[in-house]
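Shown next, in structure tokens, is the structure this report addresses.
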């Protein structure tokens with residue numbers, strides 16, 4: 001599953017980040033406070049006792065975060081750890097720097113090599129939000145310290161931070177470009193595979209020709225109008241809608257193309273196609289995230305649907321959306337057992353099914369997008385006619 005793969009990668013990156021942070025953070029402090037003052041050419045003056053206590057308190061705060069990180073790892077939420085580390089570091093260092101240098105005639109000399117790790121490692125997470133937290137956090141930390149201690153020496157780390165931020169931004173931009181290129185390539189391959197599978201299904205049941213594409217278009221229109229489906233999910237939701245009837249490949253042709261009423265036994269076989277379809281796509285990255293579209297698109301609002309008889313919002317939103325799109329297109333398409341219904345009649349039947357077959361809130365949105373569905377249907381019919389005409393001209 002795609003989400004599990006991403007979570008594992010996030011865990012690996014976070015573990016490496018934590019190790020680097022703690023090793024560099026404490027090694028630098030040990031060297032700076034224990035060994036650096038021993039050099040004979042440096043001042044022998046000892047820092048104030050309170051400064052020592054505050055430094056130890058800072059270390060205690062950083063160490064005390066480890067149990068929290070372990071808890072987040074166990075809960076499968078490693079994404080939060082990097083933010084906690086950076087925010088804790090910024091706050092503790094800001095407090096200690098201001099406490100020691102405010103009103104102190106000594107030249108400003110602070111910071112930690114761990115800041116280099118934080119900045120240069122930030123692109124690895126491929127997150128603009130995290131990068132901006134690191135870049136602006138460190139920049140504003142030094143600016144605030146500089147304003148309060150009134151020491152121009154603070155400009156030097158500010159310049160270093162800006163240079164490193166620029167390098168990290170370039171790396172992040174390149175990583176994002178590679179990821180986007182891989183995503184586009186994967187989506188194109190997935191689209192080709194999905195269309196091939198749909199073409200195979202249509203060969204098996206000619207009466208469903210174009211049904212999957214129209215359902216996907218209708219469902220996308222309705223999903224966007226609700227504002228409740230993430231834009232980042234649009235592509236995979238669309239592909240899942242295309243495959244909502246994939247389980248019908250397991251239904252005998254004699255049942256699929258039967259022109260008379262189905263027997264109870266035959267209908268029970270038809271009712272297996274959501275389960276079979278869900279099983280077929282459960283390991284397909286991206287589509288598996290919207291497996292509810294395939295598995296639950298025949299559930300009803302009143303709980304009288306199948307395969308699980310879910311009621312109301314027990315059925316996932318994406319499946320409730322697909323249910324309306326699927327039913328509307330089924331009604332307006334010619335089937336082996338009946339002719340297509342007029343669009344106006346199908347429209348009214350959807351409205352009449354509000355609160356029984358369909359989610360009443362989605363039916364209200366359906367009323368708003370219905371004109372768009374009419375446009376989509378006309379466009380599809382036109383494109384299909386042109387395609388068939390081209391095939392006749394080029395046998």
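Looking only at residues in region 279-290 that are in contact with a helix residue (DSSP H, G or I) (Cβ under 9 Å, 6 or more places away or on another chain) and surrounded by fewer than 21 Cβ atoms within 10 Å (Cβ to Cβ), which one is nearest to residue 229 (Cα to Cα)?
It comes out as 289.
Taking the stated definitions as given, is residue 41 in the same structural domain as residue 141 (by TED's automatic domain parsing), modelled with pLDDT under 65 and assigned to a helix (DSSP H, G or I)?
No: the conditions fail for residue 41.
Hey, can you tell me all the residues within region 309-362 that are over 19 Å from residue 214 (Cβ atoms), surrounded by fewer than 17 Cβ atoms within 10 Å (Cβ to Cβ) and in contact with a helix residue (DSSP H, G or I) (Cβ under 7 Å, 6 or more places away or on another chain)?
The one that is over 19 Å from residue 214 (Cβ atoms), surrounded by fewer than 17 Cβ atoms within 10 Å (Cβ to Cβ) and in contact with a helix residue (DSSP H, G or I) (Cβ under 7 Å, 6 or more places away or on another chain): 351.
Quick one: which helices (runs of 4 or more DSSP H) sit completely within region 290-389 and have at least 2 residues that are over 30 Å from the mean Cα position of the chain (by Cα)?
Where helices (runs of 4 or more DSSP H) fall fully within region 290-389 and carry at least 2 residues being over 30 Å from the mean Cα position of the chain (by Cα), they are 317-331, 343-352.
Looking only at region 140-165, how many residues end up being buried (at least 16 other Cβ atoms within 10 Å of the Cβ), in contact (Cβ under 8 Å) with a residue 40 or more places away in the chain and not in a loop (DSSP other than H, G, I, E, B)?
The qualifying residues number 8.
Just checking, does region 189-212 include any residue being within 22 Å of the chain's Cα centre (by Cα) and more than 28 Å from residue 330 (Cα to Cα)?
Yes, region 189-212 contains at least one residue that is within 22 Å of the chain's Cα centre (by Cα) and more than 28 Å from residue 330 (Cα to Cα).
Would you confirm whether any residue within region 128-135 is assigned to a helix (DSSP H, G or I) and exposed (fewer than 12 other Cβ atoms within 10 Å of the Cβ)?
Yes, region 128-135 has at least one match.
Report yes if some residue within region 192-204 is part of a helix (DSSP H, G or I) and over 30 Å from residue 338 (Cβ atoms); otherwise report no.
Yes, there is a match, as at least one residue in region 192-204 is part of a helix (DSSP H, G or I) and over 30 Å from residue 338 (Cβ atoms).
The values are calculated or read from the model by the stated rules, or taken from the named source; none is laboratory data. Not measured: the values here are computed from a predicted model. Every residue, glycine as well, gets a Cβ built from its backbone with ideal geometry; the counts of neighbours run over all protein chains shown.
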